[in-house]
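The structure appears right after this line, and notes come after that.
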Amino acid sequence: MKFKLVIAYDGTGYEGWQVQKIGTGVQEKVEAALAKLFPSKPRLHSSSRTDTGVHALGMVAHFETEANKAAFTGRKLALALNAWLPDDIRIVRAARVPEKFHARFDAKGKQYRYSIWNHPAMNPLLRHTAWHVPRPLDLDLMRAAARHFIGKHDFQAFAANSGYAIDSTFRTLTRCDIRRKGPLLTIIIEGDGFLYKMCRGIVGTLAQIGQGKFPPEEIKKMLASRDRRAAGMSAPAHGLVLWNVFYREKTGAKS
């Protein structure tokens, strides 16, 4: 029996999603809750990894368990898990899915959102979920630069060394929008996949363009360089949220 979970969490107190040798990952907390309900102590397989301090509203993971636990509906499973989880982690939805479903390999894309508070004084209510940039930002310049990220590119210049081998540093972005509501900027980045710290490299560079440190067309040269030193800074982790994970087809989920 296979279940899909949609998980939201405040990443402030965690060393990222994955189980860690040092520190605590969100995955560890959810697996501990699963172990309270299932004697087999199922392992989670996630759609993504998030870094230390990064948040999520739409992390997707799946697990398998013995068929005699089929009495659990998705709604009951979510309620039962949340009873064992800390307040900064919630199961938003749970559903039974076909045996062939895989949270990672069936994902066709992801959406991240990054929040910037652009005002001389930081909003204390957003201090854990938005990057404080006190200097004025030119939104027109940032939007002009953001358009250069759309399409298939080698994003090596905007990513950090992950410490493990990857097949390709090419990714395709279908969206890089910037919204503004008063002092709050929201950068929405959507694509078929992301390299380690790639979103943060993009956001940090856009902020520096908004401050006039680079012209928007410099993005083309940065991408072509394939050199992290040629691009701008990395934005801090706490402004980033894994917002949604998209799938190629209906999962056949049953509540």
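The charge dipole of region 136-176, taken about the Cα centre with unit charges on the Cβ atoms of Lys, Arg (+1) and Asp, Glu (-1), comes to about 160 debye, rounded to the nearest 20. Packing-based ranking of 227-239, 123-135 yields 227-239, 123-135, ordered from highest to lowest mean Cβ neighbour count within 10 Å. The C-alpha atoms of the chain define a longest principal axis, and helix 74-84 lies at about 80 degrees to it.
Once backbone amide H atoms are built at 1.01 Å from N, TYR247 has LYS108 as its partners under 5 Å, excluding neighbours fewer than 5 places away on the same chain.
For the pairs LYS41/LYS108; LYS2/LYS36; LYS2/LYS108; LYS2/LYS197; LYS21/LYS76; LYS41/LYS76, note any where the Cα-Cα span goes beyond 24 Å. Distance filter (> 24 Å) returns LYS41/LYS108; LYS2/LYS197; LYS21/LYS76.
Here the Karplus curve 6.51 cos²θ - 1.76 cosθ + 1.60, taken at θ = phi - 60°, turns the phi angles of region 215-231 into couplings of x, x, 5, 5, 4, 4, 5, 4, 4, 5, 5, 6, 10, 4, 5, 7, 8 Hz, with x standing for Gly and Pro. Per residue, the chain exposes an accessible area of 50 Å² to a 1.4 Å probe, with every protein chain left in place.
Looking only at GluC sites (Glu not before Pro) in DSSP loops with at most 14 other Cβ atoms within 10 Å, what is the longest site-free stretch of the chain?
In the chain, the maximal stretch lacking such sites is 100-216.
In the set (1) 118; (2) 167; (3) 134, the label that goes with volume of the Cα convex hull per residue in Å³ computed for this structure is (3). Each Lys and Arg contributes +1 and each Asp and Glu -1, all at the Cβ; summed about the Cα centre of the chain, the dipole is approximately 460 debye.
Counting every Cα pair in region 113-255, what percent are over 20 Å apart? So the portion of pairs separated by more than 20 Å is 47 percent.
Rg and Dmax of region 1-131, both derived from C-alpha coordinates alone, stand at 15.9, 58 Å. Across the chain, the relative contact order, built from alpha-carbon pairs under 8 Å that are at least six residues apart, equals 25 percent. Hydrodynamic analysis of region 154-195 uses the Kirkwood radius over alpha carbon pairs. Inserted into Stokes-Einstein at 20 °C and 1.002 mPa s, it gives a translational diffusion coefficient of 176 µm²/s.
Using a probe radius of 1.4 angstrom, the carbon and sulfur fraction of the accessible surface of the chain is 52%. In units of the compact-protein estimate 2.2 N^0.38 Å, region 83-138 shows a Cα radius of gyration of 1.81. A helix-only calculation puts the chain at -6000 deg cm²/dmol for mean residue ellipticity at 222 nm, using -39500 (n - 2.57) for each DSSP H run of at least four residues, averaged over all residues.
The values are calculated or read from the model by the stated rules, or taken from the named source; none is laboratory data. Quick caveat: nothing in here was measured; it's all calculated off a predicted structure. Positions of Cβ are backbone-derived with ideal geometry, glycine not excepted, and every protein chain shown enters the neighbour counts. What goes into the accessible areas is simple: the full protein's heavy atoms, side chains included, and nothing from ligands, DNA or RNA. Shrake-Rupley method; radii C 1.70, N 1.55, O 1.52, S 1.80 Å.
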